[in-house]
Amino acid sequence: LILMDVAMPGIDGWEATRQLKADPATASIPVVALTAHAMTEDRRRAEEVGCDGYLSKPIEPRRVVEEVRRLLEHGTVLSPE
């Protein structure tokens, strides 16, 4: 499982996720987007690039644990927030 910050220097998390999901060797690894942007279009973009989860900052540690547990136990469907 990858916790992907979308605001990274160089290659952003959106592009990094897109590349991971396009590669058969890494496509099945669940990716959770972590972002300070909580707009509807940001969540939609997370879905479009292949993120399996989405958490907006600030994030309570409990929510991170819940999301990781959900993905590891139940598969990779973007959860409602």
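The values are calculated or read from the model by the stated rules, or taken from the named source; none is laboratory data. This one's a predicted model, so the numbers in the text were calculated from it and none came from an experiment. All Cβ positions, even for glycine, are placed from backbone atoms using ideal geometry, and neighbour counts span all protein chains on display. Surface accessibility is based on the protein's heavy atoms, side chains included, excluding ligands, DNA and RNA. Shrake-Rupley method; radii C 1.70, N 1.55, O 1.52, S 1.80 Å.
At a glance:
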read-out: Meets criteria (loosely packed, with under 11 Cβ neighbours inside 10 Å and either at pLDDT 95 or above or not in a helix (DSSP H, G or I) (or both)) for residue 79; value: no
read-out: Number of the condition not met by residue 71 [criteria: (1) free of Cβ contacts under 8 Å to residues at least 24 places away in the same chain; (2) assigned to a helix (DSSP H, G or I)]; value: (1)
read-out: Output for segment 2-14, where each listed residue is open to solvent by less than 60 Å² (accessible area, probe 1.4 Å) and either modelled with pLDDT of 95 or more or not in a loop (DSSP other than H, G, I, E, B) (or both); value: 2, 4, 5, 13, 14
read-out: Candidates 73, 47, filtered to the one that is over 14 Å from residue 3 (Cα atoms), modelled with pLDDT of 90 or more and either open to solvent by 40 Å² or more (accessible area, probe 1.4 Å) or of a type in the set (Lys, Arg) (or both); value: 47
read-out: Some residue of segment 4-16 being touching a Leu at 6+ places or on another chain (Cβ under 7 Å) and not β-branched (Val, Ile, Thr); value: yes
read-out: Criterion: more than 18 Å from residue 66 (Cα to Cα) and in contact with a Phe, Trp or Tyr (Cβ under 8 Å, 6 or more places away or on another chain) - qualifying residue of 49, 32; value: 49
